[in-house]
Each structure stands twice: as structure tokens, then as C-alpha cells.
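Down below is the structure, laid out as C-alpha cells.
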Amino acid sequence: MRKRKITDAQLERAVELRQQKMSLTEISRQLGFSTSTLSYWMARMEDYGMVENLDLRNSDDETVNEILELRRKNLTYKEIAERTGKSMSNVVRICRRNGVKASGRTYRKKAGRPKKK
């Protein structure tokens, strides 16, 4: 089963409730998330500050365009990640979502048993 993502508004509400000394278990029940999900996002909040700074899930258009342009120049995902400061998984996801495929490299299949007819 796929988990729902926590929204910025829900996270702000969780912070408000936490400031009122409500336990994480009570907050997670009220908002409909697991305690572990809520704990994870609250820790992110402590590390990065307010909700506006937490938007790590999305990249701005300028960064996306830079990533796509670098990929079109056949830089590797790792090189792009180092240049843009994004994780390699984010770079791969952005490229796939925008239809920019891997370079023209082809990979040979592993040698194995021939298929029986």
C-alpha cells in the first residue's frame, strides 16, 4: 500500500500541535499519518527550519532546466549531481520525468544459457 505524502499545511499543523505539548502519537492519529512518518518530517523541520525551507521534494524550474541541459551534453548523472548540489536519484528522476533518456551507450546482455525452443 502506498503511503500518502504529508503536505506543508499538515506539517505546519503538526508543529502547532507539538508546541501545545501534544505527543507525536496523538498528533499522528489526528492527522492520519504514522508516528514514524511524522517523526521523520519533524526531524527534517528541526534540521532545515521552517516549512518554506523544507521543500526538498521539488526543484525550481531553473535547476530542472540546468539538469536537463547538462544531461543533453552527455554528462553522467553523478557529474550533474555534483554540479547542481542535488542527489543523483533526484537527477535521474528529473531526467526521466522530462523524457531525457540516458546517453547513446548500449549495454550488452550478460552471456547465459541459450533459451530452449
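Values in this text are rule-based calculations from the coordinates and carry no lab data. Note that this is a predicted model, so its numbers are computed, not measured. All Cβ positions, even for glycine, are placed from backbone atoms using ideal geometry, and neighbour counts span all protein chains on display.
Structure notes:
- Added length on full extension, which subtracts the Cα-Cα distance from 0.36 nm per residue, R97 to A9: 29.1 nm
- Residues E79, E69 arranged by fewest to most Cβ contacts within 10 Å: E69, E79
- Approximate spin-label separation R72-L31, in nm, with each point projected 7 Å along Cα-to-Cβ: 4.0
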